[in-house]
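Okay, so here's the structure we're looking at.
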Amino acid sequence: MTDHPSPLAPDLIRMRAIVKVYPPNVLALDDVTVSFDDGEIHALVGENGAGKSTLMKVLYGLIHQDGGEILYQDRSVRFRTPGEAIAAGIGMVHQEIVLVNEYTVWENIVLGAEPVDWLGRIDETRSRQQVQAIIDQFHFDLDPDAQVDDISVAARQKVEILKLLYRKVSVLILDEPTAVLTPQEIPQLFAELRELRDEGHTIIFISHRLEEVLALSDRVTVLRKGRLVATVPAAGTTRAELAELMVGREVLFTSRRTPQEPGEVVFAVAGLRYEDGRGRVRLKDVTLQVRAGELVGVAGVEGNGQFELVNAITGLLKPTAGTIEVAGEDVTAAPVLERRRHIAYVPQDRGRMGGSLPASVVENAIMTHHRLNAELVRWRGLLLDNGAARRFTDRLAEAFAVSMPSRSSPLRSLSGGNQQKVILGRELLLDSPFILLDQPTRGLDVGSIEYVHDQMLAMRGAGRALLMISANLEEIFMLADRIVVLHRGEIVADVPVEQASIEQIGRYMLEGNDATL
Amino acid sequence: MGKFLNAALGIVIALFIGALIMLAQGYDPLASYAALFQFSLGSPYALATTLKNAVPLVLTGLSAAIAFASGPVNLGQPGQLIMGALAATVGGLYLDLPPWLMIPVLALLAMAGGALWSGLAALLRQAFQMSEFIVTLMLNIIADYFALWVITGPLKDATAYSPMTPPIARSGWLPEFGDWNSAIFWMLAAVALMWFLYNRTRAGYEWRMGGQNSLFARLGGCPVNRNFVLVMLLTGALAGLAGGLLIMGGPHRFLRGLGANYAWDGVMIAIVANNSIIGTLFYGLFFSAIQTGALGMELITDVPSEIALVLQGVLVLVIVASREALHKVADRLAVRRRAADAAKNERAVAQEIERG
């Protein structure tokens, strides 16, 4: 069971049998043992929810393990706070960049660890010199006097890395560092990371982009559903092999649709425009149609108008101009319930929009149906028929294979995948001609994702019109008939999937109309 | 199960802390508690008094519990109680109907008076997005001084030496059956009706969901704005009814300072009960028992009746704190169980492998 490391193994960090439980019963890390060598780039891959970030947060002292131990330089350690981890030489760069925009690069780097003179004033000259020295040492291309407001996201990320190097950190943990970068910026980051490794730093790199992982790292550790799958050398491993380790079986990045002739237009927005309170244009002349039996995927980097488009459709925000029609009815100004007669909606945030976590499964299952389905009420809708509500929930649970402790358990006690099945089932049972899905598989495990995809394709086969917003291009390519790309609130591409390539859609997402093909 | 444990634990700890305080001041806690419960629960008369005193506590508590659980932060129970009492008083002074009609009419007037006051806050919220939290608090002060003006001005009893109205018509007095005032039945009926409304009707379902997650309710097609107004009107009516029953069951006239603390105690009870309707009835009765018993205790022991306030305060803190603590303990137990399970599986798998 336990493998005995040879005495010569240059383990810098050894995490042994780490267990982490999120209350009440989510097993985020289940007996994970992994070691990181001195001076390597070690990638940590796995799907959403595999436990990558959790494992690193445990190492970094942001959260604490419920079992297992961490050996660092052959000593057992337990960092109570990230500050202790940094002091010991372990630092983490999070996905979200947290800098003071009004400060310069050097001010941000020394912030919290400023060299001071004998009066306690910040020694600006020395600070600048020290920062410049690190920038030169690692050949970072960065101006220490630039204001953070004015520099690119890639440069800000470098500032985050430099903050840690300034604090003499020798182990760098990077959480999906390429997620915020454009494809053109990635090679430079990689070059700088290799430089750091060659200078003797250890880099732990969290990602789910397999090509990048193979291009950059020395070794790769794969996690799946909180368990360690394998640690393999990057050299000699293929992308398909990694994907198989990640998912647990062979995956095909190909379309799962069967060809089907779409019917008449069910959903149409025309000239949709939205300006926010500060007069910024969030949606610009968006025109889009979805036909019966058609699945349209909306691609785009998050924050390019997806949120506003969804909210305009569901009625949470009032568009400045344009119309929204569903099943021949103009619902642009209709109240939410009027829209919900025609629109099924699977929101991206289960706990905030999709359901009420403290409420029972039954209470979550009958939402909207309690207004539209006469079987669930008595006395002209005054009373709820609790018996009918329970029967309805049982039907939903059976049809959508929901596994739950009991009907009356709070939604919170279900796993994420089962919560999503309750919500998806509720919405699909509405029998609406149009189905809006906003990141329907975000944060789900592989099995649940496949289940959700199957249900969506079944709906497409049944002649419903589906509009799916997804941040995951592979998902869109796998399911959609047509791909629409949103860039800065504008539709910059609307192409049948057969005529689109991932690279081309990616360029549209990043560069909008300037994308040259 | 957890709820009962929480309540029992809270009450025992609160009584224990109260005993320590009495000991520190040189009183005999056992004798004091014996007197306290003798005068609140120990005889049919004591029990009837406790129940009657519980009426305004439970009704304002219901008002707060339903409002909080449904979303609106209605903190206007004191003002709504006063407006309800005032409306019932005015009705009782100018109407004279046979009792079977008079009593329901006055009760309805009281509810309308309370609903008017909470409705005003709801209206300001709908029209100008003014937070009902602050508006209801401010309306409390206005109601207070408005009532003072009414009983010192237009409706002042010329024969009385302090500000009060003349008594209402006898037909509006709530009948008493021996020691038992019929206000108790109004209270029990209101609790039963509210429980049914909240747990069995479609509107109650929408209020619950809206209170837990208003965005979810809104996206699900619930008319959230209309529900907000309805809940405000309903909870105002409940507080108003508390005021009306206070007039009809007690002094039969509006006296200065009427119902001064009942409504705030009601808000406190709702918080202790975690906005549960049955819990509100239970804690309302318990608070009333302490308050009623304390007055009796003062008669036969040296302990001042203010000890009831100390007990109430300690009870609120202990129960709210232990509720959170119990959650934490439960979470921690679940975590430990899960971790142990994982370790056990691990060992089992290891043994399997060793056996080959």
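List every residue whose amide H lies under 5 Å from the amide H of B:M130, counting only residues 5 or more places away in sequence or on a different chain, with H placed 1.01 Å from N in the peptide plane.
B:R125
Quick one: if you stick a label point 7 Å off each Cα along the C-beta vector at A:S403 and B:D96, how many nm between them?
Result for the modelled spin labels: 7.6 nm.
Using mean Cβ contacts within 10 Å as the protection proxy, how do B:65-72, B:34-41 order, highest first?
Output ranking for B:65-72, B:34-41: B:65-72, B:34-41.
Please compute the average number of Cβ atoms from other chains found within 10 Å of each residue's Cβ in peptide A:66-74.
Numbers: counts 7, 7, 2, 0, 0, 0, 0, 0, 0.
Neighbouring Cβ atoms belonging to other protein chains average 2 per residue here.
Whole Å is fine, so just give me how far the alpha carbon centre of region B:1-61 lies from that of region A:69-138.
58
Work out the charge dipole of the protein assembly as shown with +1 on the Cβ of Lys and Arg and -1 on the Cβ of Asp and Glu about the Cα centre, then indicate which of B:N181, A:A299, B:A65 is farthest towards its positive end.
Checked the options; the winner is B:N181.
For region A:11-247, with equal point scatterers placed on the C-alpha atoms only and solvent neglected, what are the log10 I(q)/I(0) values from the Debye formula at q = 0.10, 0.15, 0.16 1/Å, to two decimals?
Those come out to -0.48, -1.03, -1.15, one per q.
Checking the table A:K163/A:K421; A:K52/A:K168; A:K52/A:K163; A:K225/B:K328 against a 31 Å threshold on Cα-Cα, which pairs fail? All intermediate terms of the calculation are to be shown ahead of the outcome.
On the way: A:K163/A:K421 43 Å; A:K52/A:K168 24 Å; A:K52/A:K163 23 Å; A:K225/B:K328 26 Å.
Where the Cα-Cα span goes over 31 Å, the pairs concerned are A:K163/A:K421.
For a quick check: with amide H placed at 1.01 Å from N, whose amide H comes under 5 Å from A:G68's, ignoring anything fewer than 5 positions away on the same chain?
Long-range HN contacts for A:G68: A:V19.
Once the convex hull of the alpha carbons of chain A is built, what does its volume come to per residue, in cubic angstrom?
185
For a quick check: with amide H placed at 1.01 Å from N, whose amide H comes under 5 Å from A:A299's, ignoring anything fewer than 5 positions away on the same chain?
It is A:V484, A:V485, A:L486, by chain and number.
Just to confirm a number: summing +1 for Lys and Arg and -1 for Asp and Glu over residues other than B:Q312 whose beta-carbon lies under 14 angstrom from that of B:Q312, what do you get? It would help to have the intermediate numbers written out before the result.
Details: positive: none; negative: B:D265, B:E306.
Value of the local net charge: -2.
Working from Cα positions, state the angle (0 to 90°, nearest 10) between the long axis of helix B:2-24 and the longest principal axis of chain B.
70
With the contact rule set at Cα under 8 Å and sequence spacing of 6 or more, what percent relative contact order holds for chain A?
For chain A, the relative contact order is 15 percent.
Rank these for me by crowding, B:T301, B:T60, B:T49, going from fewest to most other beta carbons within 10 Å.
Taking fewest neighbouring Cβ atoms as first place, the list is B:T301, B:T49, B:T60.
Work out from phi, with θ = phi - 60° and the Karplus expression 6.51 cos²θ - 1.76 cosθ + 1.60, the ³J(HN,Hα) of each residue of region A:157-164, listed in order in whole Hz, and give x for Gly and Pro.
So the J values, rounded to whole Hz, are 5, 4, 4, 4, 5, 5, 4, 6.
Taking the Cα atoms only, what angle lies between the long axis of helix A:446-461 and the longest principal axis of chain A, rounded to 10 degrees?
30
Could you work out the mean projected area of the convex hull around the alpha carbons of the protein assembly as shown, in square nanometres to one decimal?
So the mean shadow area of the Cα hull is 48.3 nm².
Got a sec? How would B:Y33, A:Y345 order by Cβ neighbour count within 10 Å, fewest to most?
B:Y33, A:Y345
What does the average come to when, for each residue of peptide A:377-385, you count the partner chain Cβ atoms lying within 10 Å of its Cβ?
Mean shielding count: 4.
Please determine, in degrees from 0 to 90 and to the nearest 10, the orientation of helix B:99-128 with respect to the longest principal axis defined by the Cα atoms of chain B, where the helix direction is its Cα long axis.
Helix B:99-128 sits roughly 60 degrees off the main axis of chain B.
Under the classification rounded if a/c is under 1.5, otherwise prolate if a/b is larger than b/c and oblate if not, where does region A:121-228 fall, given a ≥ b ≥ c as square roots of the Cα gyration tensor eigenvalues?
Because a/c hits 1.5 or more and a/b exceeds b/c, region A:121-228 counts as prolate.
Just to be sure I understand: with springs between alpha-carbon atoms less than 10 Å apart, which residue in B:W195, B:W173, B:W149 has the highest mean-square fluctuation in the Gaussian network model of chain B?
Per the Cα network of chain B with a 10 Å cutoff, B:W149 tops the list.
Given a Förster distance of 60 angstrom, what is the FRET efficiency for B:Q126 paired with A:D11, based on the Cβ-Cβ distance and rounded to 0.05?
Calculated transfer efficiency: 0.40.
Read-outs throughout are calculated quantities, based only on the coordinates presented, and are distinct from any laboratory measurement. Just so you know, these numbers come straight off a predicted model, no measurement behind them. In this analysis, Cβ positions are derived from the backbone assuming ideal geometry, glycine residues included, and neighbour counts consider all displayed protein chains.
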